[in-house]
Amino acid sequence: MSQFLIVSDIHGDRAIFLDILKQWQSRVDGIFYDGDSELPADDKVFEGVSTVIGNMDDDPDFVDARATTIDGVTFFQTHGHLYDATSLLGWANLQQMSRAADEANAQVVLFGHTHKEGAVTYQGKLFINPGSTTIPKGSHANLGGTYAVLSVNETKFTVTFYNRRHEALPDLTVIVAR
Ligand SMILES: [Mn+2]
């Protein structure tokens, strides 16, 4: 089994990211940060972390999007604002990210931007938004902020969401066939 840590939209809350890293760094096979840190790209919290630029990031050293393959899983990662991810009524618009992910031959799409956590299968790919640790929005904003851990085995993907105290939120867990 492989495990991946996914965090987004800390908006300057460097302390929570450090705290999450402390919990997970030694236990995961990859760490993804999906944008809007408001930190420099070379901040030492991003050592060994796959990052992308958010609409609130001004460091041009962040990339717009990236494809990464770890343990046989190809991820397409982007913040979302460059792919029209915002949906005013629903969870997110996935069409543009889906097209880009197909071009990258990705099975999993990681994004942020909307600050609404969730995981769904769409056009044959698993889309994961860890939510914002710091400025949560949507129907689960009362949780006070979330991040996600993806577990992958030979047959399935399991997405578990956590709150800022690193407590799993089992009601939000998403399990899909691989
Ligand atoms: Mn944001």
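The values are calculated or read from the model by the stated rules, or taken from the named source; none is laboratory data. Keep in mind the model is a prediction, meaning the values are calculated, not measured. Cβ: placed from backbone, ideal geometry, glycine included. Neighbour counts: every protein chain shown. All accessible areas refer to the heavy atoms of the entire protein, side chains included, with ligands and DNA or RNA removed. Shrake-Rupley method; radii C 1.70, N 1.55, O 1.52, S 1.80 Å.
Quick look at the values:
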read-out	value
First in the stretch 112-129 and more than 19 Å from Leu5 (Cβ to Cβ), second anywhere and among the β-branched types (Val, Ile, Thr) and within 16 Å of the ligand (Cβ to nearest atom), Cβ under 7 Å, 6 or more apart	Thr114/Thr86
Matching entry among Asp36, Asp61, Asp19 (being open to solvent by 70 Å² or more (accessible area, probe 1.4 Å) and either away from the ligand (no atom under 16 Å from the Cβ) or not in a strand (DSSP E or B) (or both))	Asp61
Of all residues making up the stretch 107-134, the number that are among the polar types (S, T, N, Q) and within 16 Å of the ligand (Cβ to nearest atom)	5
Subset tally (residues that are away from the ligand (no atom under 16 Å from the Cβ) and assigned to a strand (DSSP E or B)) for the stretch 66-106	9
In the stretch 39-58, residue farthest from Asn129 (Cα to Cα) [restricted to those that are within 14 Å of the ligand (Cβ to nearest atom) and among the hydrophobic types (A, V, I, L, M, F, W, C)]	Leu39
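This table checks each residue for (1) hydrophobic (A, V, I, L, M, F, W, C); (2) farther than 20 Å from Ile16 by Cα.
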residue: Leu39; (1), (2): yes, no
residue: His81; (1), (2): no, yes
residue: Ala85; (1), (2): yes, yes
residue: Gly112; (1), (2): no, no
residue: Pro130; (1), (2): no, no
